[in-house]
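S.K.: One structure, as structure tokens, below. Some questions next.
The values are calculated or read from the model by the stated rules, or taken from the named source; none is laboratory data. Nothing here was measured: the structure is a model prediction, and the numbers come from that model. Don't worry about glycine lacking a Cβ; one is built from the backbone with ideal geometry, like all the others, and counts go over all protein chains shown. Areas reflect the complete protein model, heavy atoms only, side chains present, ligands, DNA and RNA absent. Shrake-Rupley method; radii C 1.70, N 1.55, O 1.52, S 1.80 Å.
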Amino acid sequence: MAASSSTPRPRTTVAAEDYLEKIEQLISRKGYARVVDIAAELKISQASVTAMVQKLDAEGFVKYEKYRGMVLTSSGLEVARRIAHRHQLLTDFLRVIGVGDEKIIYDDVEGMEHHISPETFQAIETFTRYLEKNPGVAAKIAASARK
Ligand code: ZN
């Protein structure tokens, strides 16, 4: 569902969004997220992860207890789901316009997902769904590049 541009959104940095995205993935995959797992997945030191998680706790995005791990608060979950939705849609978008290399797609999406306004995101979503429903159009565009 489209959020109006006046919907208040928690302010988050790129790093915070990456952490919340990763914490959500770990919790859905393993049932929990520990500092050691986040550090391994984001390739960051455990000390840096701990500092960031404490910051996210202070800002109300996670509840962190040193020996019990962490859970996302409702605003943390909202950010994580927004980023996960963007990640999926932008992946679909790059695939449907003909980017074939999954590593390039992943790396580009990891950057793009943080930097696109709601308006542009909405337009990309409409365009992507249209191309998916009309594979002939996507094929024509792809063929035009080979001429
Ligand atoms: Zn992502």
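S.K.: Classify the stretch 86-146: rounded, prolate or oblate, from the alpha-carbon gyration tensor (a ≥ b ≥ c, eigenvalue square roots; a/c under 1.5 rounded; otherwise prolate if a/b is larger than b/c)?
M.R.: It is oblate, given that a/c is not under 1.5 and a/b is not larger than b/c.
S.K.: Keeping to pairs on different chains or 8 or more places apart, tell me how many lysine pairs in the chain have Cα atoms under 21 Å apart.
M.R.: 14
S.K.: What are the chymotrypsin sites (Phe, Trp or Tyr not before Pro) within the stretch 19-112 that DSSP puts in a loop, where the Cβ has at most 12 other Cβ atoms within 10 Å?
M.R.: Tyr67
S.K.: Per DSSP helix of 4 or more residues, -39500 (n - 2.57); summed, then divided by the residues of the chain. What does that give at 222 nm, rounded to the nearest 500?
M.R.: -22500 deg cm²/dmol
S.K.: Would you mind classifying the stretch 14-72 by shape? Square roots of the alpha carbon gyration tensor eigenvalues, ordered a ≥ b ≥ c; an a/c under 1.5 is rounded, otherwise it is prolate if a/b is larger than b/c and oblate if not. Don't skip to the answer; put the middle values down first.
M.R.: Numbers: a/c = 1.18, a/b = 1.06, b/c = 1.12.
It comes out rounded by the Cα gyration axes.
S.K.: With +1 on the Cβ of every Lys and Arg and -1 on the Cβ of every Asp and Glu, and nothing else charged, how large is the dipole of the stretch 25-89 about its Cα centre, in debye rounded to the nearest 20? Walk me through the numbers on the way to the answer.
M.R.: Details: 11 positive and 6 negative charges, 31 e Å.
I would put it at about 140 debye.
S.K.: What's the magnitude of the charge dipole for the chain around its Cα centre, counting Lys and Arg as +1 and Asp and Glu as -1 at the beta-carbon? Answer in Debye, nearest 20.
M.R.: It comes to approximately 220 debye.
S.K.: Related question: Take the Cα coordinates of the chain, assign each an equal point scatterer, and use the Debye formula without solvent to give log10 I(q)/I(0) at q = 0.08, 0.11, 0.12, 0.18 Å⁻¹.
M.R.: Results for the chain at q = 0.08, 0.11, 0.12, 0.18 Å⁻¹ read -0.28, -0.50, -0.58, -1.05.
S.K.: With every protein chain present, what is the per residue accessible area of the stretch 59-132 (1.4 Å probe, Å²)?
M.R.: 58
S.K.: In a Gaussian network model over the chain where Cα atoms closer than 10 Å are linked, find which of Asp57, Asp101, Asp92 has the largest mean-square fluctuation.
M.R.: So, out of Asp57, Asp101, Asp92, the one fluctuating most is Asp101.
S.K.: Taking springs between alpha-carbon atoms closer than 10 angstrom, which of Glu125, Glu78, Glu65 fluctuates most in the Gaussian network model of the chain?
M.R.: Highest fluctuation among the options: Glu65.
S.K.: Relative to the longest principal Cα axis of the chain, at what angle does helix 14-30 sit, 0 to 90 degrees, rounded to 10?
M.R.: 80
S.K.: Something else now. Could you work out the relative contact order of the chain? I mean the mean sequence separation of Cα pairs under 8 Å and 6+ apart, divided by the number of residues, in percent.
M.R.: Relative contact order here is 21 percent.
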